[in-house]
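What follows is one structure encoded as structure tokens, with my remarks underneath.
What follows draws every value from the coordinates through simple rules; no lab data is involved. Fair warning: this is a prediction, and the values are worked out from it, not measured in the lab. No Cβ is skipped: glycine too gets one built from the backbone with ideal geometry, and neighbour counts run over all protein chains shown.
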Amino acid sequence: MTAITSCEAPAIEKVGAGGPAKLQLPSPPAATPAPAHLTGPSSTESDAAVMRPALGIIRPYRSLLAAMRPALGIILPPVVGLALLIGIWQLATMNGGSIPTPGKTWEAAVKLFSDPFYRNGPNDQGIGWNILSSLQRVGIGFGIAALIGIPAGFLLGRFATLSRMASPIISLLRPVSPLAWLPIGLLVFKKADPAATWTIFICSIWPMIMNTAQGVMRVPQDYLNVARVLNLSEWKIVTKILFPSVLPYMLTGIRLSIGTAWLVIVAAEMLTGGVGIGFWVWDEWNNLKVEHIIIAIFVIGIVGLILEQTLLLLAKRLRMES
């Protein structure tokens, strides 16, 4: 008779009346795994345990980068553009020449803006006073142009006959250079300061008149028909129907006017003298301080950008309220 070991489970044949039959012995029990404290953790578990602290550190940075991505998309391109400009400037001036390097210009700017509001006489004042004087002239001339140009635009857009009468006058005077009006201002006012303000007024009024009139002409006729049926007064038609519809056109004219006014004041002050950023640029040229001229170019650009962005914010707010 063959012995049965624990390593094999042979079938045993049993002979009976019905023929041979097979009996299957039970399989040996499965091996019991060793305790975890004897075998230790598996390789997968150990890797996960090692990476878990690192993932905990990285996860906040991922969320921070995801939150900063829109801001970086807005801020990074202008910064790269300015860096590229300064790099080209540095390469163009590194071998010397009449144009100062960015480093020399920066040193002059730090010294200049350390005391921007000094006074050493009527023709020797800090750059801060010159900027404020130019802004004052622009504000007065632009304000007068707005008080006259916007109502005139409403009238020209509202009444076709009046528009046909004024159209040849505007077409004739609008292309004239603003500086061509400066001698007329000097002749009439006999002073440089009001002459420069007059020049700002005459160059600022045309965009406001034309854009406002165009906006009034584009108001749907159905709105005016309803106002006529309701028997609304002309004041209510202007305030309730025309003004909300014309507001985008009017604000576009204002933006164009303020940009033109800030451009013209520099040239006007170069010719008239006195206190102002244009006169300051010309005076620094006479003193051969080229780095101050470059600083003035950046200052003029920054102030113009601030004025334009301020008007954009005002336009958005007025549109939301209207």
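When the Cα gyration tensor is reduced to axis lengths a ≥ b ≥ c, the ratio a/c is 1.5 or higher for the stretch 155-214, and with a/b above b/c it is classed as prolate.
Potential lengthening of the chain between W285 and S245 amounts to 9.6 nm, from the contour at 0.36 nm per residue minus the alpha-carbon distance.
Exposure proxy for L132, L305: other Cβ atoms within 10 Å of each Cβ, ordered fewest to most, give L305, L132. When each of the peptides 266-273, 209-216, 66-73 is scored by how many other beta carbons lie within 10 Å of its residues on average, the order from highest to lowest is 209-216, 266-273, 66-73. Considering only H292, I205, A166, the residue lying farthest towards the positive end of the dipole of the stretch 131-321 is A166, judged by Cα position with unit charges set on Cβ. From the square roots a ≥ b ≥ c of the eigenvalues of the alpha-carbon gyration tensor of the stretch 131-321, which class results: rounded (a/c under 1.5), prolate (a/b over b/c), or oblate? In terms of gyration-tensor shape, prolate. Annotation: the residues I265, I293, I86, I306, sorted from fewest to most other C-beta atoms within 10 Å of their own C-beta, follow the order I306, I86, I293, I265. Of the trypsin sites (Lys or Arg not before Pro) in the stretch 208-257, which ones lie in a loop per DSSP and count no more than 15 other C-beta atoms within 10 Å? Sites meeting the loop and neighbour criteria: R218.
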